[in-house]
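Taking it in order: structure first as structure tokens, then the write-up.
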Amino acid sequence: TTVMVQFDEGVDRDEMRLAITQVSSVVAYTDSRALYDTARSLLSLFYAFVGVMLAFGVLMSFALIFAMTSANAAERSAELAAMRVNGMAPSQLARMLAGENLLLTGIAVVPGLLVGVGVSAIFMDSFSSDLFDFGLQIRARTLVIAAAAIVAVSVVTQWPASRMIHGLDVAKVVRERSQ
């Protein structure tokens, strides 16, 4: 026989546990609050794990976007030098390059989020079984925050490319290109 006992607010749960387990016919006692506390402590480990994954994701996105913008600026150094020779100011070139990179980021955000949601749903479904159903639940706000974070990282990574443009040695690039 199983009995569910519901306590009033303010009752000493440890004292009630002791009193109930003293009854000779009681074989086991499970406190739902203790189960809840155990689940919360296990979730704290899960939240720490998710936090580490989030930190690595931010670091990886920064590295990838930084590499993309740096490579874009480096590969186009001859073109950028030619524009500087033709009278374009370094700040104009930096804004143009940043605009192109941010446009590419903006174009890639929506397909990237769609692919990310799709892959996440597949992974979550792989954990489902007859006992548990782990369907993917993502709020729209989460996707907006993710998109804003990617655009913010992209904005921050424009700074090194801008510095490269301002420090571009036009004569050296033109000499290298002529050889």
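The values are calculated or read from the model by the stated rules, or taken from the named source; none is laboratory data. Just so you know, these numbers come straight off a predicted model, no measurement behind them. No Cβ is skipped: glycine too gets one built from the backbone with ideal geometry, and neighbour counts run over all protein chains shown. These area figures cover heavy atoms from the full protein model, side chains too; ligands, DNA and RNA do not enter into them. Shrake-Rupley method; radii C 1.70, N 1.55, O 1.52, S 1.80 Å.
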Under 15 Å from the Cβ of I20, count the other residues' Cβ atoms, weight Lys and Arg +1, Asp and Glu -1, and hand me the total. -2
Please state the relative contact order of the range 31-179 as a whole percent: Cα pairs under 8 Å, 6+ residues apart? 40 percent
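Could you compute the longest span of the chain free of chymotrypsin sites (Phe, Trp or Tyr not before Pro) located in DSSP loops and having at most 14 other Cβ atoms within 10 Å, not counting the site residues?
Values: sites that count: F7, Y29, F127, F132, F134.
Formally, the longest exposed-site-free interval is 30-126.
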Expected sort for 85-98, 11-24 on mean C-beta neighbours within 10 Å, highest first, is 85-98, 11-24
Of the heavy-atom accessible surface of the chain (probe 1.4 angstrom), what whole percent is carbon and sulfur? 66 percent
